[in-house]
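Inspection log for the structure reproduced underneath, given as structure tokens.
The values are calculated or read from the model by the stated rules, or taken from the named source; none is laboratory data. Note that the coordinates shown come from a computational prediction; the quantities given were computed from them, not determined experimentally. Note: ideal-geometry Cβ built from the backbone for every residue, glycine included; neighbour counts use all protein chains shown.
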Amino acid sequence: MGDHVRTYTVAHLPGDGIGPEVTAVAKDLVDRAGTMHGFTIDWRPCPLGSKHYLKTGEVLPDNVLADLRKTDAVLLGAVGSEEVPPGVLERGLLLRLRFELDLYINLRPARLRPGVPSPHGSAGMDAVVVRENTEGLYAGAGGIVHRDTAFETATEESLNTRAGVERCLRYAAGLASQRSGKLTLVHKTNVLTNAGSLWMRVAHLVAAETGVQLDYAHVDAACLYMVSDPGRFDVIVTDNLFGDILTDLAAALTGGLGLSASGNLNPEKTGPSIFEPVHGSAPDIVGTGKANPAGAVLSSALMLSHLGEAAAALDLEAAVDAVLAAGGATSTDAWATALADELGRLGGVR
Ligand code: IPM
Ligand code: MN
């Protein structure tokens, strides 16, 4: 064998709505970064989502899941469609993937990038939200009794296992140690006293062991501080639903959903992690050419960093920063061209 080229197998799961539009741009940039940095991606198309479901009735066939398990990563566009009842794809595809692959961390950086206006004119935010991704109110415990009677009762139970809480806090503490050393637990310990107590006790143990400085905010106050004093946060750790809500708020404060990236991580790398923009399928703008691919590109940067291609990840980040600093772009195509140009320039100056 001659020169050794690193190769990664990545499933491309474009999904619904604008998912295919934004991931096409991200894929192209990842390939360009690969050429610059000496790796190739063996892309495996994975056509799941609403169209596949409406045609076949399949949401996530077992053989497809088995194939996904063998990949190094998954690049996902968006899941959800108005033609499919709520929950079918969200629970059956996205959440099932998170649970089956045990992707217990949902990592969502929230940084106000240069050139992006802060919506309320205050200081910018540079935080990372570590969202527990396999438990809590998302676990699916609960049910409906006395359906369609006057006594109908619906419950959703929040499941918090000690092991699940601890592994999430340990990951967040590790990240905090690499950053400012400060970790903020967000919960609602004054009302959710059972789960809150578990999270708080384990957070103190992990903080004592790792030496991170532990701070705490109730989730309602955390929303207020995110707007009024975002500088108080660095690494935030929280449960599944609080993290879902807080990360949309964080996105709004850092340039909107179009710029927000996420990684559903298996930190031990015993299987693939899934990278997806925080935005949804955005059916209102499908086909208009207006979808912003930056969230998908930044999610791909998280993917490259997770795969060990840190230099390529930094280049993708830098390309997005450069386009934003020049005023951004107004269409998917304009973004694609501008990002490719900036990436080429980064390659040229090396
Ligand atoms: C997200 C989304 C999902 C979630 C939905 C689509 C199930 O809102 O990734 O934040 O609630 O986790
Ligand atoms: Mn969400």
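Please go through the stretch 184-241 and pick out each residue that is over 15 Å from Ser158 (Cβ atoms), of a type in the set (S, T, N, Q) and surrounded by fewer than 13 Cβ atoms within 10 Å (Cβ to Cβ). Once the filter is applied, which keeps residues that are over 15 Å from Ser158 (Cβ atoms), of a type in the set (S, T, N, Q) and surrounded by fewer than 13 Cβ atoms within 10 Å (Cβ to Cβ), the stretch 184-241 yields Asn190, Gln213, Ser228.
Listed by position, the strands (runs of 3 or more DSSP E) enclosed by the stretch 1-80 that each have at least 1 residues that are β-branched (Val, Ile, Thr) and closer than 18 Å to Pro277 by Cα are 6-15, 73-78. Among the residues of the stretch 28-43, is there at least one that is out of contact with any Ser or Thr (no Cβ under 7 Å at 6 or more places or on another chain), among the small types (Gly, Ala, Ser) and surrounded by 20 or more Cβ atoms within 10 Å (Cβ to Cβ)? Within the stretch 28-43, one or more residues are out of contact with any Ser or Thr (no Cβ under 7 Å at 6 or more places or on another chain), among the small types (Gly, Ala, Ser) and surrounded by 20 or more Cβ atoms within 10 Å (Cβ to Cβ). For the structure I just gave you, tell me whether Leu249 is within 16 Å of ligand 2 (Cβ to nearest atom), part of a helix (DSSP H, G or I) and in contact with a Cys (Cβ under 7 Å, 6 or more places away or on another chain). Criteria met by Leu249. If you check Leu246, Leu224, Leu214 for being more than 16 Å from ligand 1 (Cβ to nearest atom), outside the structural domain of Leu94 (by TED's automatic domain parsing) and touching a strand residue (DSSP E or B) at 6+ places or on another chain (Cβ under 8 Å), only one passes: Leu214. Spot the failing condition for Ala208; the list is (1) away from ligand 2 (no atom under 15 Å from the Cβ); (2) touching a residue at least 60 places away in the same chain (Cβ under 8 Å); (3) hydrophobic (A, V, I, L, M, F, W, C), and only one is missed. (2) is the only condition that Ala208 fails.
Find the strands (runs of 3 or more DSSP E) located wholly in the stretch 82-168 whose residues include 2 or more that are over 22 Å from His306 (Cβ atoms) and away from ligand 1 (no atom under 16 Å from the Cβ), and list them.
On the way: elements: 105-111, 126-132, 136-145, 153-159.
Those strands (runs of 3 or more DSSP E) span 136-145, 153-159.
Screening Pro293 with (1) within 16 Å of ligand 1 (Cβ to nearest atom); (2) in contact (Cβ under 8 Å) with a residue 60 or more places away in the chain; (3) outside the structural domain of Gly174 (by TED's automatic domain parsing) gives one miss only, at (1).
Here Tyr104 meets each of (1) out of contact with any strand residue (DSSP E or B) (no Cβ under 9 Å at 6 or more places or on another chain); (2) crowded, with 22+ Cβ neighbours inside 10 Å with one exception, condition (1). Among the residues of the stretch 306-327, those identified as over 22 Å from Phe275 (Cβ atoms) and in a loop (DSSP other than H, G, I, E, B) are Ala326, Gly327. Residues that are away from ligand 1 (no atom under 15 Å from the Cβ), part of a loop (DSSP other than H, G, I, E, B), touching a Lys or Arg at 6+ places or on another chain (Cβ under 8 Å) and farther than 24 Å from Val186 by Cα occur in the stretch 262-282; there is at least one.
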